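Below is one structure, written out as structure tokens; the observations come after it.
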Amino acid sequence: MAILLESDKDTRIQSHLDELTKRTVLLFITIVSLTLIWSFSVDELLRDFLAMLHPCQGDCLNVYDPAQWSAIRWLSALYLAFLSSLPLLLHHVHRFAKPGLAIQEYKALKRCTMFGTVLLLVSFLLMTTTLLPMLFKAGHENHLSVGLSAQYSAVEMLAIATYLTWIFGLLLTSWLIMFTAGQLKILTQTTAEWWRVRVYGISSVLILLTVPEQAQALGVPLVAIMLLSNEFFARPWMTQTDLVSGRITDWFDADGRRRRLAVIQSKEGKNRIDSNIADDAGFSLLTVGNWHERQVDRERVLLFVQHQRITDVMVHHDAGGEPPTFIKENFERLGIKMHTNHYKGPEQWTSHPFSALLTENSYQPI
């Protein structure tokens with residue numbers, strides 16, 4: 001079950017579908033029109049691009065399959081049309097996504113898309129003007145050193161150049177997503193698995209599905225490079241705690257149902273619970289600011305309980321009385337049960353706060 005954000009609670013689903021249809025049709029018409037416009041000048045651009053990639057002196061570059069060349073020509077025009085429409089695409093993505101995203105998520109989306117676009121263009125220029133010519137030149141010199149007569153296919157050279165640029169762009173995008181999420185404190189120790197599944201999973205599938213037939217053996221090594229580089233790059237943010245402390249543990253009650261437990265307390269509370277107690281007892285401890293007045297605090301709580309599939313929540317008395325109505329409504333949507341806090345002081349938290357829920361027959365896996 002999805003959460004219902006305050007910025008989107010009064011909007012019907014059909015209105016979102018209508019808006020999505022309008023924006024998609026507009027983008028489709030724009031890209032098709034730009035593709036037709038670029039098709040009149042794409043031949044000159046491909047000729048200049050191949051001249052940069054050309055690794056040898058003389059005529060060693062040929063087109064062995066005119067049909068494939070025609071396909072490359074139209075794909076290049078489509079690619080240029082997509083790049084030309086990026087400002088319009090980003091505008092519509094931001095406008096459509098804003099009502100359905102939390103404040104921190106929307107900031108992350110804007111930073112990722114804006115910086116990602118700049119990095120994509122810079123990396124494309126760097127790859128096509130410097131790195132790829134150096135790579136093809138080194139390969140050509142190696143061919144000559146072993147006595148081979150070098151003959152190259154223009155279609156395959158363009159396909160390899162496009163694929164390497166695509167892989168480099170994917171790596172940059174995955175790094176940027178992890179970096180932005182970490183800086184905004186969306187990526188933490190407790191949400192790391194959620195981000196790994198989505199970023200690593202989508203990137204791996206895209207790499208494997210787009211491997212050219214001539215380079216199938218590169219699929220698994222490229223996926224491994226992507227995983228290892230992201231793990232190394234995002235390690236500082238995957239170990240930060242921020243909002244959440246304690247320990248996420250799967251408990252099983254007397255009926256065998258899985259329970260995940262969380263306690264919410266206020267930063268300004270006098271009788272705050274120590275994180276070591278939560279860690280030893282096996283429940284998550286969320287320390288929030290003024291969630292009655294700050295939308296960002298309410299959304300961070302909801303995103304955490306949704307991502308970690310929390311089933312039971314207890315609000316500490318010092319968190320400011322009853323939870324906001326918006327929070328309680330979303331807890332009901334997510335099937336989260338709220339429990340009464342009977343503890344008056346921090347010394348009483350040495351016993352488990354969910355002792356009434358977890359009977360003697362409950363089981364905690366190691």
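Odds and ends about this structure:
- Positions within segment 310-325 being at pLDDT 75 or above and assigned to a helix (DSSP H, G or I), in sequence order: T325
Condition check ((1) modelled with pLDDT under 75; (2) not in a helix (DSSP H, G or I)) across all residues:
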| site | (1), (2) |
| --- | --- |
| P236 | no, no |
| N271 | yes, yes |
| D280 | yes, no |
| R298 | no, no |
| V301 | no, no |
| V305 | no, no |
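- Qualifying residue in segment 248-259 (condition: surrounded by 15 or more Cβ atoms within 10 Å (Cβ to Cβ), assigned by TED's automatic domain parsing to the domain that holds Q308, small (G, A, S) and modelled with pLDDT under 80): no
- In a residue-by-residue description of segment 346-358, the property of being within 23 Å of W251 (Cα to Cα), out of contact with any Leu (no Cβ under 9 Å at 6 or more places or on another chain) and at pLDDT 75 or above applies to no position.
- Qualifying residues in segment 135-154 (those that are assigned to a helix (DSSP H, G or I) and more than 37 Å from the chain's Cα centre (by Cα)) - the one nearest to C56 (Cα to Cα): H140
The values are calculated or read from the model by the stated rules, or taken from the named source; none is laboratory data. Because the structure is a prediction, the values reported are computed rather than measured. Note that each Cβ is placed from the backbone with ideal geometry, even for glycine, and that neighbours are counted across all protein chains shown.
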